[in-house]
Structures are given as C-alpha cells and as structure tokens.
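Novice: Structure provided below as structure tokens; questions to follow.
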Amino acid sequence: MNGYSHARFRRARGLLVALALSAAALATGTPGAQAAEPGEPSDVTVELPTDTYSRMLVDEARQRVYVTTGGLSATVHAILVYDFDGNLLRTVTTEAMTAAGAMTLSADGSILYVAVADYVLIFNPDTFAYIGGGWVKSDFRDGLCSGDLGITGGRLWVTRMGSQEYPKDCSSEVQTLWSGAPTGGTFTNSGSLVSAKFATSPGLPGKLVQAYATYGTPKLVVGVYDATTAYTEPLALRAYTAATDPAAPPKDVAVSPDGSLVAVAAGASGTRALSTTGLTDATPGYGSLPAGTSSTSVAFSPDGSLVARGGAVDGTAADLLVQPARPAQGDTPRGYAFTDGSAGGDQVADRGLAFSPDGSRLFAMTTNAAKDSYWLHIITNPGARYHSAFGGPPTVEPGTPFVGQAVRISGTLRRNGPGPVEPARVTAVRHDADGDHTVPAAAVGADGTFTLDDTPSTTGKTTYTVSFAGDTAHDPAADSTVDVEVTKAPTELALDQPEGATTAGVVVHGTLSTAGAPLPEGTLVAVQRWSKTGVADLPAALVGPDGDFTVTDAPPAAGSTLYTVSYAGDALHDASADWVTVPVTG
C-alpha cells in the first residue's frame with residue numbers, strides 16, 4: 001500500500017467512524033428521539049489519520065480547520081486541512097515541517113504562520129506555497145514541544161523550548177518567548193518561564209497574557225504584558241501562593257474578544273476566570289467542572305457570546321462545558337460527555353478547542369487516556385440543547401381516586417439527540433381546593449417512562465402538572481397536565497355479636513375503618529336501640545385511634561333487641577352503618 005492509498009484508507013475509516021458515531025448518538029436517545037431539529041446541536045466526528053496532535057486553527061474565510069500533528073512521538077509531521085463538514089481536503093508536508101505546532105493568520109487572512117522545530121514557516125493559505133519562496137528566519141532553539149504563536153503590537157510572538165536537551169515531558173518544559181517582525185529577520189529573546197502559555201486578543205491591542213508555573217513546587221502565575229517592544233513589560237501579575245491555590249502547570253489560556261476576561265485551564269485546579277484589569281477573580285466565575293476533572297482546554301468564541309471549557313474525567317461526567325462568555329449571566333452550562341476511548345475519544349485534548357468566528361461551530365479535539373488517537377468533533381450550535389417533550393398527558397391510576405389513596409402518575413418524556421449522562425428527573429405539582437402541593441420527583445427510565453407517587457388530601461377537581469426542567473443536554477419540556485376527580489374515602493363500620501346479653505347489661509364492640517385519610521380525632525358514631533318497647537337513641541360512641549368503639553346499654557325488656565350504629569361521614573369520608581340483633585334474657 002503506497003502513502004496515497006494509506007491516506008485514503010485512513011480517511012475512509014475516519015468517515016465510517018463518523019457515520020457510526022452519528023448513528024450511535026441517535027440510537028442512544030430515548031424512544032421517540034428524533035434527528036437534530038433546526039437550532040439543535042449536531043456533532044460530526046472524524047478520526048485523525050495520525051496518532052499525534054498539536055494545535056488547531058479555524059479559517060472562517062476559507063471555511064477550513066487547520067490541524068498540526070507535531071509532537072515528541074510524531075511519525076507524521078503535517079498540516080491537516082479539513083472543511084467545516086469534516087472532509088480532509090489536503091495534507092500539507094514539507095521537509096521543514098518537523099514538529100509543526102502553533103499557527104496563526106495575519107489580520108487580513110492572507111498569510112498562514114506555522115511554528116515548526118527550527119522556523120516559523122510562512123504559507124499562502126490558498127495554495128500552501130511559501131510566501132516569497134522562504135520562511136521567517138529565526139535564531140531560537142528547537143521547538144519540539146509545541147508552543148504558541150500570535151501577532152500583537154506589530155510583532156510576531158512565539159514560544160519555543162528553553163533547552164537544547166531532548167524533552168521528556170512537554171507539560172513542564174521551560175518555554176522561551178521570542179518576538180520579531182512578521183516579515184522575518186532576527187528574533188529577540190524576551191525571557192523563559194515554566195510551561196508558559198500565552199494568548200492575544202483584538203480587545204487587548206499591543207498586549208499579551210501569559211500563564212505559567214513557578215519553579216520548584218509549581219504554582220500558577222498569570223500576567224498581562226506590554227507587547228509593543230521586543231522585551232515585554234508586565235502590566236499586571238497574579239501569583240497564586242496559598243496552599244489551596246492552583247498547583248498544576250497551566251494547560252491553556254484564552255482571552256475574551258473584548259479583552260476583559262482571561263480564562264486559564266489549570267489542570268486539576270480547574271478553570272480560573274480573571275479580569276484583565278488587575279487580574280482579580282471574575283464574579284461569579286464559571287462554576288466548577290465535574291468532580292475529578294482535569295481542565296485541559298479553554299476557548300472564547302470570537303463573537304464574544306460563548307466560552308468552552310474542556311477537560312479529562314473518568315466515567316460519564318461531562319468533558320466539555322459550553323456557556324455564555326459573560327460570567328454574570330450565570331447560565332447552566334451545556335454539557336457534552338465523551339465516553340468512548342476507542343471511537344470518539346473520552347476526554348478533550350490539551351489546547352483542543354476552537355470556535356468559528358460567529359460561534360455557530362465549536363471544533364473540539366478529543367483523545368484517549370493513552371493519547372495515541374485523536375478525533376475532531378465539529379459541533380454545530382454548541383451552546384444549544386436538544387428539544388424535549390412529553391409524549392402526551394400523563395395517566396393517573398386509579399382514574400378516580402379517593403382522599404388518602406396512593407396514586408401513580410405515569411407518562412413518557414421524549415428527548416432528541418443522545419441520552420443524557422445522568423438520569424433525567426421529572427417533577428409534579430398537585431393543585432386542588434387547598435392550593436398547590438409538591439409531588440416527590442421521579443427519575444426517568446432509559447426508555448423515557450416515569451412514574452410519580454402521590455396521595456390526594458382533599459376532594460374535588462385535582463390537576464396534576466408534570467414538568468421537566470431540562471438538563472445539560474436538553475431544553476425544558478412544556479408542562480403536561482391531567483385532571484382527576486377525587487372522591488370521599490370509603491369507610492366500613494362492623495359490629496361484633498355480643499355474648500351473654502341480659503337486661504342487666506349489653507356490651508357491643510365495633511370498629512370503624514377507612515382505606516383513605518385517617519379519621520379525625522373525636523369521631524363519633526350514632527347508636528339506636530330497637531326493642532318491643534320502642535326505638536331509643538342511645539349516647540353516641542367515641543371512636544378510638546385504632547377505630548374501635550364500644551356501646552353499653554341496659555335493655556328495658558327481654559327479647560330480641562336490634563342495635564344500629566351509623567357514621568354520618570365528614571368532608572373527606574363517606575357514611576357507613578351496621579346493625580346487630582341481640583337476644584336479651586331477663
């Protein structure tokens with residue numbers, strides 16, 4: 001198999017993986033889930049034809065995504081050129097492409113700068129020919145560990161390895177900042193910092209923001225620097241020194257397009273959001289990543305609407321959160337969980353996020369725990385959620401309950417797109433003559449069905465309103481309601497047959513019970529005696545807490561005597577009665 005055939009085979013396999021993942025995403029939705037509707041997110045996933053990844057750059061004007069593959073273990077040193085649909089358009093390789101890493105475009109988009117091991121290459125992004133037939137000559141050290149590249153203050157800035165020794169771990173490598181003219185010439189060394197990452201923004205002209213770690217026991221430092229001269233000058237510094245402060249070298253740094261915010265992916269310490277004015281904490285921040293997540297990547301959409309935070313976490317927790325860029329908006333993040341390390345990745349790669357300029361697409365690079373496979377996810381409408389809806393009005397069993405009877409409210413919740421990571425929960429409210437009452441929430445099953453349990457407390461028309469508030473992947477569903485008529489609870493009155501009744505005394509024992517709401521304290525039953533001397537109303541009997549009561553009497557004459565006991569009922573209970581014939585001796 002020649003190189004061209006091998007590339008075609010890898011590309012075909014990537015497309016098959018993408019189609020399989022798309023089908024799997026729909027198949028894992030709840031029954032009745034539909035393909036993405038207008039406005040919903042969608043994810044096209046393509047496996048890279050290499051086992052290494054370095055950096056990603058979005059070219060909106062040409063509708064392309066550039067991916068470099070340089071790395072310590074790279075066997076392919078190239079720029080992979082994808083369109084916004086995930087098609088691999090071109091693989092750019094040259095003799096000078098070793099350790100291709102950071103990239104940037106000139107302000108007018110006519111020049112593509114690519115940092116490689118020994119140079120910054122200058123390409124025409126339409127033809128990928130060297131501009132002027134050459135490259136920016138440099139005198140900086142080898143760049144086997146991918147650094148950063150950016151233009152601000154009229155200068156081209158790039159970070160390179162600070163040592164000539166072959167690196168063992170790029171995550172803690174000292175990086176040296178260099179700057180020079182965008183057209184080429186000598187570059188100037190502006191200083192070395194541990195694991196330094198920098199970012200620029202059109203909202204901070206002539207400045208750059210660096211995040212790095214201190215020597216020795218690493219602690220995070222963030223700085224805003226004047227970048228209008230060859231030697232940067234710090235304008236503001238934030239050094240974390242407390243025991244509880246971030247201790248991991250930074251993985252990524254991004255600056256909002258208006259220049260007001262800087263976000264730092266600080267590994268196990270999560271994502272730090274700071275104001276670029278004084279580097280104070282942005283209030284209220286972006287909230288925590290799922291427990292156990294190591295923050296690996298962060299990106300702002302160029303239109304200023306969204307921020308994306310990527311991470312690595314075991315299990316089914318979200319690896320990617322997307323939300324409004326302004327922390328004060330406090331929107332619940334849109335969560336994406338990558339869980340398959342063999343097809344689609346199970347974590348966001350370091351520095352693996354980039355937006356299209358209008359925020360309508362998010363490009364996310366994922367990898368596995370071994371970091372030997374990579375997948376490009378092209379997520380459309382990344383801040384949106386899938387639609388959800390109830391499959392119809394809920395049902396209530398029994399259909400005509402009585403007060404105090406346990407009822408079950410059942411239904412189906414249908415959610416588009418893939419199933420959520422955590423089981424969804426539905427809530428309900430019972431509205432009756434006494435007002436609103438909260439029904440205990442219930443989990444939604446894998447098939448979308450749910451059952452809530454409740455006990456009505458009063459009679460009359462009762463309305464159950466079932467709600468789904470949404471989750472990290474789905475919008476709230478429109479409420480679903482059902483009306484039922486709640487009746488009085490039935491009661492049962494039962495009398496025992498007395499023994500040894502004489503005119504000296506009769507004792508009749510009985511019980512009054514109900515399957516519904518408990519009888520109120522002080523409940524009385526009416527008693528009548530029917531004998532040959534006539535009908536007499538006897539004193540009412542008090543029903544005890546256990547439903548028992550006792551009737552005592554001294555019949556006026558011997559003979560067959562009838563005792564009737566009746567309960568008149570109340571607002572919540574039906575009436576009931578019983579009778580017993582007692583042979584009375586003299």
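Novice: Got at least one residue in the range 291-299 being modelled with pLDDT under 95, buried (at least 19 other Cβ atoms within 10 Å of the Cβ), on the phi > 0 side of the Ramachandran plot and part of a loop (DSSP other than H, G, I, E, B)?
Specialist: Looking through the range 291-299, none of the residues is modelled with pLDDT under 95, buried (at least 19 other Cβ atoms within 10 Å of the Cβ), on the phi > 0 side of the Ramachandran plot and part of a loop (DSSP other than H, G, I, E, B).
Novice: Taking the conditions exactly as written (surrounded by 14 or more Cβ atoms within 10 Å (Cβ to Cβ), at positive phi and of a type outside the set (A, V, I, L, M)), does GLY147 satisfy them or not?
Specialist: Against the criterion (surrounded by 14 or more Cβ atoms within 10 Å (Cβ to Cβ), at positive phi and of a type outside the set (A, V, I, L, M)), GLY147 does not qualify.
Novice: Of all residues in the range 53-93, how many are buried (at least 21 other Cβ atoms within 10 Å of the Cβ), polar (S, T, N, Q) and over 28 Å from the mean Cα position of the chain (by Cα)?
Specialist: Counting residues in the range 53-93 that are buried (at least 21 other Cβ atoms within 10 Å of the Cβ), polar (S, T, N, Q) and over 28 Å from the mean Cα position of the chain (by Cα) gives 2.
Novice: Here's another thing I want to ask about it. Kindly check whether there is at least one residue in the range 124-131 that is of a type in the set (Ser, Thr, Tyr) and surrounded by fewer than 16 Cβ atoms within 10 Å (Cβ to Cβ).
Specialist: Looking through the range 124-131, at least one residue is of a type in the set (Ser, Thr, Tyr) and surrounded by fewer than 16 Cβ atoms within 10 Å (Cβ to Cβ).
Novice: Sticking with this one: Picking from ASP108, ASP142, which residue would you name as being surrounded by fewer than 17 Cβ atoms within 10 Å (Cβ to Cβ) and either at negative phi or at pLDDT 95 or above (or both)?
Specialist: ASP108
Novice: Could you tell me whether PHE338 is free of Cβ contacts under 8 Å to residues at least 40 places away in the same chain, hydrophobic (A, V, I, L, M, F, W, C) and touching a strand residue (DSSP E or B) at 6+ places or on another chain (Cβ under 6 Å)?
Specialist: yes
Novice: Which of the residues belonging to the range 198-244 are under 31 Å from the mean Cα position of the chain (by Cα), exposed (fewer than 14 other Cβ atoms within 10 Å of the Cβ) and within 18 Å of GLY154 (Cβ to Cβ)?
Specialist: Selection gives PRO202 alone.
Novice: Counting only residues that are in contact with a Gly (Cβ under 9 Å, 6 or more places away or on another chain) and under 11 Å from PRO249 (Cα atoms), how many does the range 195-219 have?
Specialist: Summing the residues that are in contact with a Gly (Cβ under 9 Å, 6 or more places away or on another chain) and under 11 Å from PRO249 (Cα atoms) in the range 195-219 gives 4.
Novice: Here are some conditions: (1) modelled with pLDDT of 95 or more; (2) of a type in the set (A, V, I, L, M, F, W, C); (3) under 25 Å from GLY147 (Cβ atoms). VAL76 meets all but one. Which one does it not meet?
Specialist: (1) is the only condition that VAL76 fails.
Novice: Taking the condition outside any strand (DSSP E or B) and over 57 Å from the mean Cα position of the chain (by Cα), does ALA557 pass?
Specialist: Spelling it out, ALA557 is indeed outside any strand (DSSP E or B) and over 57 Å from the mean Cα position of the chain (by Cα).
Novice: Would you be able to tell me the number of residues in the range 153-183 that are under 36 Å from the mean Cα position of the chain (by Cα) and assigned to a strand (DSSP E or B)?
Specialist: Selection size over the range 153-183: 4.
The values are calculated or read from the model by the stated rules, or taken from the named source; none is laboratory data. Because the structure is a prediction, the values reported are computed rather than measured. Backbone-built Cβ (ideal geometry, glycine too); neighbour counts: all protein chains shown.
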